[in-house]
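The values are calculated or read from the model by the stated rules, or taken from the named source; none is laboratory data. Quantities reported herein were computed from a predicted structural model and do not represent experimental measurements. Note that we place each Cβ from the backbone using ideal geometry, even for glycine, and neighbour counts take in every protein chain shown. These area figures cover heavy atoms from the full protein model, side chains too; ligands, DNA and RNA do not enter into them. Shrake-Rupley method; radii C 1.70, N 1.55, O 1.52, S 1.80 Å.
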Amino acid sequence: MEKRNYIKLLATLLLVACFFSFAGCNKKVDQKKEKTKSPTAQAKQAIRTPVLIAPEPKVEEKKPPKNEDQAVVDAKPRGPITLPPTNEQQASQAAEASLATLTGQKSQKPGNTEDLQSLAAPSVKPGEIEKVPEDALPVPYQPKLVSAKTNIDIILDASGSMAAPLGGTSQSKFEIMREALYEVIYEALQQQADFPRNFAIRLFGSKSSTDDDNCDDTELLVPMGEPELDIIKGMLDSAKPQGKSPIALAIRNAQKDFPSDGQADRVIVLLADGADNCDEDPCSAARKIEHGTLGYVINTIAFDVTGEDQKKLECITKTGSGKFFLARNENELRTALNEAINSTVPYNLKLSARAGATPLPFNLKVLSSKTQRVIKKDKSLGTKMLSLKPGTYDILIEYAESPEMKKPSKILKGVEVIQSTRVEQTVNFDLGQLSVSAVSNEGKLVPARFEIIPTKDGKQTGAPALLEIGAESKSVFLTPGSYDVVANLVELTPDDFSIVEKNVAVTKGGTIDKLFKFQKGTLTLKALTTQDAETPFIFQAYKVGRTNIPIASGAFNKSGGKVLLAPGTYDILAIGTDDSMAASPRTRVKAVEIKAAENKDVSIKFEMSKLTLAAVDGKNNKLPAEFIIREHESGTEMTKLKSESGSPVSVPLPPGNYDIVAVSLKSTIEPRPSVPVPTISLTVKNPIEKTIKFILGTLRLRGRNAKELPINTQFTIYKSASDEIISSAPPSTDWVLFDIAPGIYDALAIDITPKKDPKPMIWLRDLKVEDGKSSSHEAIYTTGKIKVIGRGPNNKIIECKFKVFQYGADRELVSGVTGDDWEIFEIEPGKYYLEASYVDEIEAVTLKKWINVTVGDNEVVEQILRF
């Protein structure tokens, strides 16, 4: 009986739940039908006339959700208010709990669903799985309970001081402020669907210059309305910072910028880089409007101010509920604007990332607690306010702008969000700060690229972090450790170079500044001899280890001169150009270090020594000769000396090692006989006298015919029984003299008189040359001729190879291949044998024959080679 009653009760509860679920669905469909225009289309109706947005709809006029995954509450009243569930909701929840009990499923509590809504989060597919980095450092969750707006008037400083560059950058403070505001408004636009707000922008100091002393210089630049970023950009981009700072007047006039609707919150965000300079008290002006009947909140941002002006701006917020923000750099300015503008956003979780006192931009992922399931993704400039359903979450925070390949990250475990309270958490990253900048040769900031390479004990330990900056100083936060930083200019130049800073130590919480000077250093050169006499010279500068590519070169007189070089280490080659010297002295200055924007004085010392040279033959007779002197290490030719008479010649040379080649001028043939003398060492205190001995014999050769008439003959001398050419001479009808080393040689004589090839030639074999002796030989040409042709079957002309040998000596005199006509060769009278060969391609055999041939004086012998 009890069991039957229990089943009846359960069925009743189920019917009640289904009824209210069906009614809710019908209501949702009817509401969608009534909607005729999307909020986006409505917002785009008027571009030039901003549309006021009612940010606080009444609770009972609850809007339908925009999609199935969106929370129902689009706007919240002030303060942490928790709405009790309706009777229908209670009944539905009870039925769901009973059904879950029967089916064994856990009931899903409101606030723990996976469709959590962030104010500026991109859509994430429910149930999306992403792996959390294993090295994400866990941070203890330490929430701070704080109390729980929306017409916003932003008053911007456009006075003359805002035209000045922010320290360490080439951009003006006004430009930096403008770009930061664009980013924050863009982020606010992403939140409009969740929390609609109106914006106005007022300027002071933009209409007239400081010289005009205009203390009425304030204007409403963009009237109150839904923000249109393109319009805001167009108006602000044309504004010019130039005038006075009537801050008190701007605060008073800001009251006129708000609509008369008294229900919306009124927030003024004042941003200034100094105090009021129009003899008014902005603190008093702020006090009057903050304590008025309408109720204003004034948030103040002091941007790059002095200590005295900071105090004058702080007092603006002391008497009211506004906040004061100190922004010393671009990052802090972004964060301050973000917090000041979003101060009325109805959030229940506020996250901040810091490295020391500096805000860090970050990416975040909201995960279902103790899972890898991503609920929402988002990003922030330093502080992020989220509106989450009640529940427990894990939140992964990653330093978004880290240049490191592996970005630093931390994870908050067990973040408990409660509907009616606000909690905040600051995540501190244990990082060090590195500021880098680059300057040009003119000392101006220039864009540059950086490779930040992690190292340990001089070795690379990970992938380099890549960073590109504009004409500014850029700060990045890095994991503590040692780094090598390589800098290159973005714009390539003809003398492009890199700058490397090694072992840059980044410490936790520390700051290190590195200025990379892409400036040339000055090298000042002056040359002196060993006797301290000034001398003119030419020079070449080489990068160490690259002696084949001169970086710079030039010529200076006795006074010397200066040359600009990129930072680095150089070798300098200098050559004296004093005409009074017998030879141009040469010296090399090694490892000259040039630093950016510094001068390096280098005195070139031409330390001169003396080298005396002479040449003799094998019998110690004077021999006319030319001496070529080369630097031993580089092979560079230093100078040449000639002794036409064979007498000694001298030359002053810098100390060093030299190689010498002595060339005999006695012979007229090429190449002339030469004797190499390697590695002669000269020092200032050790002059050298060297006599070079030519151990040579003379070979006299001439060509003639049988009638004693000279033949225009070209001789080539070979090392005996080899193809190595020793010397050659141009054609001559006279005796040709070869001065060569003692030994056995072969000589080839070619009669160049006939115009038709092949020309008559004669080999002179085994010619003996002795030291100091002369031997004469003649190549005698006769009128004997041999005519050769090849014939096969049926007297068909065939191609045969043949060679002619001197009978009994087995020396080849003539060789060739027969053609379609007789091959004719001139040969001196005598006995010969002819070797012939023919390749029978059909039978795939080679046939050979040998024929004895006798040639008489002026006789023509025809020889048919038959196969």
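Assorted remarks:
- Restricting attention to segment 752-768 and to residues that are open to solvent by less than 50 Å² (accessible area, probe 1.4 Å) and at pLDDT 90 or above, the residue that is farthest from VAL855 (Cα to Cα) turns out to be LEU767.
- Filter result for ILE512 (under 24 Å from GLU598 (Cα atoms) and either under 24 Å from the mean Cα position of the chain (by Cα) or surrounded by fewer than 15 Cβ atoms within 10 Å (Cβ to Cβ) (or both)): yes
- Selection status of PHE303, under 23 Å from LYS173 (Cα atoms), in contact with a strand residue (DSSP E or B) (Cβ under 7 Å, 6 or more places away or on another chain) and either surrounded by fewer than 22 Cβ atoms within 10 Å (Cβ to Cβ) or not acidic (Asp, Glu) (or both): yes
- If the condition is being modelled with pLDDT under 85 and either in contact with a Leu (Cβ under 7 Å, 6 or more places away or on another chain) or surrounded by 14 or more Cβ atoms within 10 Å (Cβ to Cβ) (or both), then segment 652-681 contributes PRO652, LEU653, PRO654, PRO655, GLY656, LYS666, SER667, ILE669, ARG672, PRO673, SER674, VAL675.
- Annotation: of all residues in segment 442-461 being open to solvent by 70 Å² or more (accessible area, probe 1.4 Å) and assigned to a loop (DSSP other than H, G, I, E, B), the one that is modelled with the lowest pLDDT is GLU442.
- The residue that is farthest from ASP279 (Cα to Cα), among those in segment 219-251 that are surrounded by fewer than 17 Cβ atoms within 10 Å (Cβ to Cβ) and charged (D, E, K, R), is ASP230.
- Within segment 187-218, the set of residues being part of a loop (DSSP other than H, G, I, E, B), open to solvent by 30 Å² or more (accessible area, probe 1.4 Å) and either touching an Asp or Glu at 6+ places or on another chain (Cβ under 8 Å) or among the hydrophobic types (A, V, I, L, M, F, W, C) (or both) comprises ALA193, LYS207, CYS215.
- Meets criteria (under 14 Å from ILE268 (Cα atoms) and either open to solvent by 30 Å² or more (accessible area, probe 1.4 Å) or of a type in the set (Lys, Arg) (or both)) for LYS318: no
- Taking the conditions (1) out of contact with any strand residue (DSSP E or B) (no Cβ under 8 Å at 6 or more places or on another chain); (2) modelled with pLDDT of 90 or more in turn, ALA809 satisfies each one other than (2).
- Evaluation of VAL423 against the conditions (1) crowded, with 16+ Cβ neighbours inside 10 Å; (2) over 21 Å from the mean Cα position of the chain (by Cα); (3) within 25 Å of LEU166 (Cβ to Cβ) shows that the sole unmet condition is (3).
- Residue match in segment 348-360 (condition: modelled with pLDDT under 90, buried (at least 19 other Cβ atoms within 10 Å of the Cβ) and assigned to a loop (DSSP other than H, G, I, E, B)): yes
- Tally of residues being surrounded by fewer than 19 Cβ atoms within 10 Å (Cβ to Cβ) and either hydrophobic (A, V, I, L, M, F, W, C) or assigned to a loop (DSSP other than H, G, I, E, B) (or both) across segment 365-375: 4
- If the condition is being surrounded by 18 or more Cβ atoms within 10 Å (Cβ to Cβ) and more than 30 Å from VAL736 (Cα to Cα), then segment 775-817 contributes VAL788, ILE789, GLY790, CYS800, PHE802.
- Count of residues meeting criterion [open to solvent by 20 Å² or more (accessible area, probe 1.4 Å) and over 30 Å from PHE497 (Cβ atoms)] in segment 580-600: 4
- Residue match in segment 540-559 (condition: buried (at least 18 other Cβ atoms within 10 Å of the Cβ), of a type in the set (A, V, I, L, M) and touching a Phe, Trp or Tyr at 6+ places or on another chain (Cβ under 8 Å)): yes
- Subset tally (residues that are within 20 Å of VAL663 (Cβ to Cβ) and open to solvent by less than 70 Å² (accessible area, probe 1.4 Å)) for segment 685-714: 7
- Exactly one residue among THR530, THR479 is open to solvent by less than 70 Å² (accessible area, probe 1.4 Å), β-branched (Val, Ile, Thr), touching an Asp or Glu at 6+ places or on another chain (Cβ under 7 Å) and within 22 Å of LEU573 (Cβ to Cβ), and that residue is THR530.
- Unmet criterion (only one of (1) over 13 Å from LYS600 (Cβ atoms); (2) touching a strand residue (DSSP E or B) at 6+ places or on another chain (Cβ under 8 Å)) for ASN557: (2)
- Meets criteria (touching a Gly at 6+ places or on another chain (Cβ under 9 Å), closer than 27 Å to ILE301 by Cβ and not aromatic (Phe, Trp, Tyr)) for SER352: yes
- Remark: GLU308 falls outside the filter, which requires a residue to be among the acidic types (Asp, Glu), under 22 Å from PHE199 (Cβ atoms) and not in a strand (DSSP E or B).
- Single residue of segment 376-391 satisfying the filter (in contact with a Lys or Arg (Cβ under 7 Å, 6 or more places away or on another chain) and part of a loop (DSSP other than H, G, I, E, B)) that is farthest from ALA355 (Cα to Cα): LEU381
- For segment 547-568, filtering for residues that are of a type in the set (Ser, Thr, Tyr) and at pLDDT below 90 leaves 1.
- Among (1) farther than 26 Å from SER473 by Cα; (2) surrounded by fewer than 20 Cβ atoms within 10 Å (Cβ to Cβ); (3) not small (Gly, Ala, Ser), the one test that VAL297 misses: (2)
- Among (1) assigned to a strand (DSSP E or B); (2) open to solvent by less than 40 Å² (accessible area, probe 1.4 Å); (3) in contact with a Lys or Arg (Cβ under 8 Å, 6 or more places away or on another chain); (4) not aromatic (Phe, Trp, Tyr) - the single one SER603 does not satisfy: (2)
- Qualifying residue in segment 606-613 (condition: within 28 Å of PHE537 (Cα to Cα) and at pLDDT 90 or above): yes
- Counting only strands (runs of 3 or more DSSP E) that sit completely within segment 607-651, those holding 3 or more residues that are more than 26 Å from PRO742 (Cβ to Cβ) and open to solvent by 30 Å² or more (accessible area, probe 1.4 Å) correspond to 637-643.
- When PRO654 is tested against (1) within 47 Å of the chain's Cα centre (by Cα); (2) under 30 Å from THR698 (Cβ atoms); (3) of a type outside the set (S, T, N, Q), exactly one condition is not met: (2).
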